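Single-structure report; data block below.
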Ligand SMILES: [Fe+2]
């Protein structure tokens, strides 16, 4: 059995937790095991440029500006499927609209095609996928509605483990294809087979502190990124684009909790340099609820990311599981029913029962709000979820739980 070391860089802001998990026992990368220790603790000097009062990047920041023409792909990202032999490629084409009289784009007007292969030239394989748009609608006087660009998700299958693939995405008939990017598949699942380094981050946002976190994360060359909820904080803004650290303090009289959906597009552009080559796996946080007309929730989250939901039998974007080498990750939804009588619990029972610990010895569970913390603002917030699910996770010997939500580190 291998062991896992969590090293905690000193990158902690008021809304951010970052752990870099170095999987030890990695036979490929030569990362030492805890049996080779004890080691002197490694810490990163505190970055004085980090601000306790986090400041968002403005829309004029060059990293947030749309740089493509027509229906060329932007906001390109990679996500894992349930096993090493499949990944999702996602991107957006066309401009979002925000205003009072918006006309949604036709998602069928642009094809979803990925050309990929082990060689840069020629990209010998082609996969086709699906496209959609989502709307964020506020039927109240003076509030602006939003309709997304066309969001594309394509699943590549039949991939080899631990292998570099080149790809480009878009619609070749326009033509509007992206540049060529690359990603590496996860190693095959087995007790001696692990990704070298996994970055785990929560409460990311799009502030100047975020830029420091992502720079730090990139410099540590992760093989996989887990984002454990609270993604863009678009819901700290009104539909007119004015924002506040405390929405309810600054805007106490709005008829519904508004959002400014272009923040999602800014975030997608900002993240592309990382997530177009390193797979990112996301689970929802409270900032993704984003209630709109007819009590619809999680529209942006569910539409923009690809999830291995169907592949892992969940049929919901709000909880799913996947393997990364010898680790089985369970991503749980804290803002959807977790009751013993509900769908998620039933799915979790089945998923846990199917885990073969001789193939994936490590069992890691994540969800956004921690069950245990002493932070006054969120104290016992997730207690009901704990009461329903804790015993089940214990009974299957979950090794590690990773959470976000509170701006403190507990080990
Ligand atoms: Fe949160």
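None of the figures in this text is laboratory data; all of them are computed from the coordinates on show. Note that the structure is predicted; figures quoted are calculated from it, not measured. Cβ sites come from the backbone with ideal geometry, for glycine too, and all protein chains shown count toward neighbours.
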Residue in the range 312-333 that is in contact (Cβ under 8 Å) with a residue 40 or more places away in the chain and within 30 Å of residue 100 (Cβ to Cβ) present: no
Subset tally (residues that are within 14 Å of the chain's Cα centre (by Cα), away from the ligand (no atom under 16 Å from the Cβ) and within 17 Å of residue 55 (Cα to Cα)) for the range 202-256: 1
In the range 337-356, the residues that are without any contact (Cβ under 8 Å) to a residue 24 or more places away in the chain and assigned to a loop (DSSP other than H, G, I, E, B): 337, 341, 342, 356
Residue that is farthest from the ligand (Cβ to nearest atom), among those in the range 387-398 that are at negative phi and surrounded by fewer than 16 Cβ atoms within 10 Å (Cβ to Cβ): 395
Leading residue by the ranking (surrounded by the fewest Cβ atoms within 10 Å (Cβ to Cβ)) among those in the range 281-295 that are away from the ligand (no atom under 16 Å from the Cβ) and in contact (Cβ under 8 Å) with a residue 24 or more places away in the chain: 293
Selection count, the range 347-383, where residues are out of contact with any helix residue (DSSP H, G or I) (no Cβ under 6 Å at 6 or more places or on another chain) and within 16 Å of the ligand (Cβ to nearest atom): 16
Whichever residue in the range 82-106 is outside any loop (DSSP other than H, G, I, E, B) and within 23 Å of the chain's Cα centre (by Cα) and, among such residues, is surrounded by the fewest Cβ atoms within 10 Å (Cβ to Cβ): 88
Residue within the range 271-280 that is more than 16 Å from the ligand (Cβ to nearest atom), touching a strand residue (DSSP E or B) at 6+ places or on another chain (Cβ under 6 Å) and without any contact (Cβ under 8 Å) to a residue 12 or more places away in the chain present: no
